[in-house]
Amino acid sequence: MGIRLPIIVQAKNAIRRALSTPTTSEVPRGYLAVYVGEEERKRHVVPISYLSHPSFQRLLRHAEEEFGFDHPMGGLTIPCREEIFVGITCNLTCS
């Protein structure tokens, strides 16, 4: 299973927008801010290396298909339940 190039390009553009916002001083180098939630968005800071994991890519692909990457917050927004996001990122950390 290959990586779809347009998704990665759009994700990188979203990351650049997120990193150019005034709150970037709170995001360490090598990490990115991700806003998670269906209604109320909660900010999570995750390693950029997560972008190479298949399960994180599936989550991004699903978010792109349903909502696109152009969000008013300027960052990468994943409109799913926080428990799902935390479960996926926990599996990435534990694997």
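The values are calculated or read from the model by the stated rules, or taken from the named source; none is laboratory data. As the structure is a computational prediction, the values presented were derived from the model and not from experiment. Note that each Cβ is placed from the backbone with ideal geometry, even for glycine, and that neighbours are counted across all protein chains shown.
Out of region 27-47, which residues are among the basic types (K, R) and at pLDDT below 85?
Correct list: R41 only.
Which residue is modelled with the lowest pLDDT, if the candidates are limited to region 48-75 and must be part of a helix (DSSP H, G or I) and over 21 Å from N91 (Cβ atoms)?
F67
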